[in-house]
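Down below is the structure, laid out as structure tokens.
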Amino acid sequence: MRFGQGDNADSGTVEDRRGFPGGRLGMAGGGLGLVGAILVVLVRALGGDVSVDDGSTRGPSPRPAGPGTSASQTRTSSASLGGSCEGVTSATDQGKFITCVETNVQSFWRDELAKSHQSYEVSKLVLFTDRTQSACGTASAATGPFYCPPDGKVYLDLGFFQQLTTRLGATGGDFAEAYVVAHEYGHHIQDLLGTEKRVHAQMSRNPEERNALSVRVELQADCYAGVWGHSAFGAGKVSRDEIAQALDAASAVGDDRIQKQARGRVNPETFTHGSSADRQKWFNAGMTSGDPNACNTLGRD
């Protein structure tokens, strides 16, 4: 992925808590449900009663600053993540690269929503090490990246990207990392559009449909990531070869692939994020069309 002149990162949209692990290991909301999903599958295989509670399925609530956001836990070096993105890659400066992606993604959605006269609310990206506090509970590296509706923030431990390649077998690359960020901001768009609230209400009325609805929410976030990717490709920031990186990452985090790796068999009824094929399909649907309306995985939504 290539950033050029005129591409800048907004450090004001990032809380850099790296180096400030806090709190005990606990449950947090989800997004991609990646490494954490492996652990859940293993517990289920042992007969445990574990549910994957994705942040996108939580009911609406006010957005306080949330625990763990005090100055003592936010590094003063966040400013170093801002400024020109020209020539920045994950290999040269991963934190800066992710900030550049986050800024670009949010700028895209601000403009996209404006086309339909809808306002965009900035969602801060929280970079952390090992664990930190969120309004959804304790965020840990084991849960993978996630979006938390109660505080409207995206949480990401950069060490996850190593897990994506070494443990989940993805080829990696800049655009694969960008896909992960864009997916989480897809959940933010669902929150802003009221999708999160409607799906939560459906889950409350029909608990037996919880997993199926969760899958549809996740696939829509994949599609929204592709919609942003379409724009990035059109702007010359992404090559056709790099698109394969994101498709491979989407495949690596499919429920069927993770379950097969964890316990040697697949149970579609327990899927919460979608199969590898479906995740690739919906990312590609957004990538090909560039149209959010092509992401209607929820029927009437």
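Nothing in this text is a laboratory measurement; each read-out follows from the coordinates by a stated rule. It should be emphasised that the depicted structure is a prediction, and the values quoted were computed from it without experimental measurement. Quick reminder, even Gly has a Cβ in these numbers, built from the backbone with ideal geometry, and neighbours come from all protein chains shown.
Can you tell me which of 275-281, 124-130 comes out highest on packing, and rank the rest after it, using the mean Cβ neighbours within 10 Å?
124-130, 275-281
Could you pull out every one of the aspartates and glutamates with an alpha carbon less than 17 Å from that of Lys260, ignoring same-chain neighbours closer than 8 positions?
Within the straight-line cut-off, Lys260 pairs with Asp248, Glu269, Asp278.
Please compare each pair in Lys96/Lys281; Lys96/Lys237; Lys96/Lys153 to a cut-off of 25 Å on the Cα-Cα distance and tell me which ones are over it.
Lys96/Lys281
Just want the answer: with Cβ charges of +1 for Lys and Arg and -1 for Asp and Glu, which residue in Gly234, Val199, Ser214 is farthest toward the dipole's positive end in region 191-240?
In region 191-240, that residue is Gly234.
With 10 angstrom as the radius, rank Ser251, Ser80, Ser119 by how many other C-beta atoms surround their C-beta, starting from the fewest.
Neighbour counts put them in this order, fewest first: Ser119, Ser80, Ser251.
Under 5 Å between amide H atoms, partner at least 5 residues away or on a different chain: which partners does Ser134 have, H built in plane at 1.01 Å?
Ala139
From the phi of every residue in region 161-174, what ³J(HN,Hα) in whole Hz does the Karplus formula 6.51 cos²θ - 1.76 cosθ + 1.60 yield, where θ is phi - 60° and glycine or proline is x?
For region 161-174, the Karplus-derived couplings read 5, 5, 5, 4, 8, 7, 9, 9, x, 6, 6, x, x, 4 Hz, x marking Gly and Pro.
Fewest to most neighbouring Cβ within 10 Å: what's the order for Arg265, Arg17, Arg110?
Arg265, Arg110, Arg17
Explain nothing, just compute: Karplus ³J(HN,Hα) = 6.51 cos²θ - 1.76 cosθ + 1.60, θ = phi - 60°, for every residue of region 232-245 in order, whole Hz, x for Gly and Pro.
Here the 3J(HN,Hα) series is 5, 5, x, 8, x, 8, 10, 8, 4, 5, 6, 4, 4, 4 Hz.
Amide H neighbours of Lys153 under 5 Å, at least 5 residues apart or on other chains, H built in the peptide plane: list them.
The list, which skips near neighbours in sequence, is Cys148.
For Glu15, what residues show an amide H to amide H distance below 5 Å, using hydrogens built from the backbone and excluding near sequence neighbours?
Leu125, Val126, Leu127
At R0 = 22 Å, how high is the FRET efficiency between Thr129 and Thr270 if r is their beta carbon distance? Nearest 0.05 is fine.
Between Thr129 and Thr270 the formula returns 0.10.
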